[in-house]
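Notes to accompany the following structure.
What follows draws every value from the coordinates through simple rules; no lab data is involved. Quick caveat, the model's predicted, so the values are computed rather than measured. Because the Cβ atoms are built from the backbone with ideal geometry, glycine has one as well, and the counts that use them run over all protein chains shown.
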Ligand code: SF4
Ligand code: SF4
């Protein structure tokens, strides 16, 4: 089991992130980018697909039996450079999709993201967002379910 991922989730929760709420009303992201970077600083090591890995410096990646991830420095992604993503155009899917999540086919957003606004409806199609389970490759289903319960707890 990937304890690093579990520790990352718990730390993110303590920092106010991964407080996921169903996106049942008009919601949009107005990202504060380098004035914020709360996600890149606190969500740690994003998962990387094999295709994505080909476009990222191998020295920035770590491989486990379960999958490939960007290395982190503490809870911060190692590709964050002076407050900016150093591979912005090639960033992994999870980074592009944040703060949206697909939990059991239902759209959620992270209430901890300061860029969330409710003045306009710009919710993505949930079918375009990868399932929550993809963030936890190789982890027992029961553990992923517990993480899901924790992250959606009100
Ligand atoms: S936490 Fe939200 S507002 Fe801040 S950089 Fe990430 S996506 Fe943008
Ligand atoms: S790859 Fe870029 S966007 Fe993704 S967490 Fe790292 S710095 Fe942030």
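Among 85, 39, the ranking by other beta carbons within 10 Å of each residue's beta carbon, starting with the fewest, stands as 85, 39. Assuming a ≥ b ≥ c are the square roots of the Cα gyration tensor eigenvalues, decide whether segment 48-154 counts as rounded (a/c under 1.5), prolate (otherwise, with a/b larger than b/c) or oblate. Taking the square roots of the gyration eigenvalues as a ≥ b ≥ c, segment 48-154 is oblate.
Using the Cβ-Cβ distance between residue 82 and residue 127 with R0 set to 25 Å, the FRET efficiency from 1/(1 + (r/R0)^6) comes to roughly 0.10. Annotation: the residues 96, 147, 116, sorted from fewest to most other C-beta atoms within 10 Å of their own C-beta, follow the order 96, 116, 147.
If each residue's Cβ is checked for other Cβ atoms within 10 Å, how do 37, 48 rank with the fewest at the top? Please list the in-between numbers first.
Details: 37 17, 48 24.
Placing the least packed residue first, the sequence is 37, 48.
Spin-label pair residue 31-residue 65: with each label point 7 Å from Cα along the Cα-Cβ axis, the two points sit 3.5 nm from one another. In the chain, the DSSP-assigned H stretches of four residues or longer account for a calculated mean residue ellipticity at 222 nm of -6000 deg cm²/dmol, using -39500 (n - 2.57) per stretch and the full residue count as denominator.
Using a/c under 1.5 as the rounded threshold, could you call segment 1-71 rounded, prolate or oblate? The axes a ≥ b ≥ c are square roots of the C-alpha gyration tensor eigenvalues, and prolate needs a/b larger than b/c, oblate otherwise. Because a/c hits 1.5 or more and a/b exceeds b/c, segment 1-71 counts as prolate.
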